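Read-outs: derived from the displayed coordinates by stated rules, not from any lab. These numbers come from a predicted model, not from an experiment. Here the Cβ positions follow ideal geometry from the backbone for every residue, glycine too, while neighbour counts run over all protein chains shown.
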Amino acid sequence: MSFKDDLKVCSESVSREIEAFLPAEEGFQKTIFEACNYSVINGGKRLRPIMMQSVYRLCRGEERPYTDDDREILVPFMAAIEMIHSSSLVHDDLPCMDNDVLRRGVPSTWAKFGEDMGTLAGDGLMIYAFETASKSKAPAEAKAEAVRILAQKTGIYGMIGGQTVDVQLTGKRPSKEQLEFIYRLKTGALIEASFMIGAVLAGADQKTVSLLEEAACCIGMAFQIQDDILDVTATEGELGKPIGSDAANGKVTWLTYYGMEQSVQDVKDYTQKALNIIREIGQDPFLEALLIYLIDRKS
């Protein structure tokens, strides 16, 4: 099979594991369950939980098989990171943010359920993520550290901090430093969380966790710059949402400062730096292939 086929199989497997944690759609608050589940089930490639799983295996070592005990440690956090990622997309699409009515080729959550339920679904998923993570069977110290990382990388010092600056500067011209700050937090923070939590749950030492945080930061930068490129070069069918939304919303992107040629090169350079760091820790052909694949993705 090609790597795309491998990724599809892995994504489908991870989706089944994540969806097992979603709430039953019943009771007086059934609508919020439906909106939350819609947001997660209408998922992408599950890149963040897949990265977490790959890093966990990298840090555990090839000599140790991946067992049901490992799944009970890891999968609740894999589900949690995807719920948080989904919640951020739900909020990004709201009229007060990007005002997008399409997400992955179908109506965005607020467009389907209303702005009020869209707001509550984003809030609900973010909180339910921590309830889900708490179900991990990881040793107490590792579990506590993983929850700390998840909270920090999600909150005001992570993703939400990046979103705050992004929203405040919409229609304005951020400096290069501000733009990089937004990318490192808004996009990079959850990828950093995925790498770091996978390492912590696998029992990696602090030096390894820090190295993987640095690698994930590079991946986050590459991923967001590639998003900027796709917003200009992809079709709506490929992207699954309206193209040109950055320009329509008055957003300055990496291309604004560095142009297409340099932006394409920056994606490659950030990815190579991440690969070099990962190879210092060990060999994981799937993880390496995933990072290379992200350079050439069309959605």
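Could you derive backbone 3J(HN,Hα) for segment 130-147 from the dihedral phi with the Karplus parameters 6.51, -1.76 and 1.60 (θ = phi - 60°), listing whole Hz in sequence and x where the residue is Gly or Pro?
6, 4, 5, 4, 5, 7, 4, 9, 5, x, 3, 5, 5, 5, 4, 5, 5, 5
Can you tell me the order of 192-200, 282-290 when each peptide is scored by its average per-residue count of other Cβ atoms within 10 angstrom, highest first?
Those peptides, ordered most packed to least, come out 192-200, 282-290.
Would you mind getting me the FRET efficiency between Lys298 and Arg148? Use the beta-carbon distance for r and R0 = 25 Å, nearest 0.05.
0.10
Under 5 Å between amide H atoms, partner at least 5 residues away or on a different chain: which partners does Val106 have, H built in plane at 1.01 Å?
none
At q = 0.11, 0.15, 0.18 Å⁻¹, what is the base-10 log of I(q)/I(0) for segment 1-66 according to the Debye formula with one equal point scatterer per Cα and no solvent? Please give it to two decimals.
-0.37, -0.61, -0.77
Residue by residue, what Karplus-based ³J(HN,Hα) values in Hz, rounded to whole numbers, does segment 268-273 have, using 6.51, -1.76 and 1.60 with θ = phi - 60° and x for Gly and Pro?
5, 5, 4, 5, 5, 4
Just want to confirm a number: the relative contact order over segment 3-296, from Cα pairs under 8 angstrom separated by 6+ residues, in percent.
20 percent
Tell me the mean residue ellipticity at 222 nm calculated for the chain from its helices only (DSSP H runs of n ≥ 4, each -39500 (n - 2.57), averaged over every residue, nearest 500).
Value at 222 nm, helices only: -23500 deg cm²/dmol.
For Asn99, which sequence-distant residues (separation of 5 or more, or a different chain) have an amide H within less than 5 Å of its own amide H, given hydrogens modelled in the peptide plane?
Under 5 Å from the amide H of Asn99: Leu94.
Within the set of other residues whose C-beta is less than 11 Å from the C-beta of Ile32, count the net charge using Lys and Arg as +1 and Asp and Glu as -1.
Net local charge, Ile32 excluded: -3.
Given the alpha-carbon gyration tensor of segment 258-299, what are the semi-axes of its equivalent ellipsoid in whole angstrom, ordered largest first, with each equal to the square root of 5 times an eigenvalue?
With the √(5λ) rule applied to segment 258-299, the semi-axes are 22, 13, 4 Å.
How many angstrom lie between the C-alpha centres of segment 156-231 and segment 1-75?
Computed from Cα coordinates, the inter-centre distance equals 21 Å.
Does anything in segment 72-110 have its amide N under 14 Å from the 7 Å Cα→Cβ label point of Glu19, and if so which residues?
Counting only backbone N, you get no residues.
Once fully extended, how much extra length lies between Glu214 and Asp269, figured as 0.36 nm per residue of separation less the alpha-carbon to alpha-carbon distance?
18.4 nm
With r defined as the distance between the Cβ atoms of Arg279 and Glu12 and R0 fixed at 25 Å, what FRET efficiency is calculated, to the nearest 0.05?
The value I calculate is 0.30.
For Lys186, list the lysines whose Cα falls under 21 Å from its own Cα; do not include residues on the same chain fewer than 8 positions away.
Straight-distance partners of Lys186: Lys45, Lys153, Lys172, Lys176, Lys241, Lys251, Lys268, Lys273, Lys298.
Across segment 3-296, how large is the tail of the calculated P(r) beyond 28 Å, expressed as a percent of all Cα pairs?
35 percent
If packing is taken as the average count of other Cβ atoms within 10 Å, what order do 219-231, 107-119 fall into, highest mean first?
Ranking, from highest mean packing down: 219-231, 107-119.
If the viscosity is 1.306 mPa s and the temperature 10 °C, what Stokes-Einstein diffusion coefficient in µm²/s follows for segment 97-213 when Rh is the Kirkwood radius over Cα pairs?
Translational D for this selection: 99 µm²/s.
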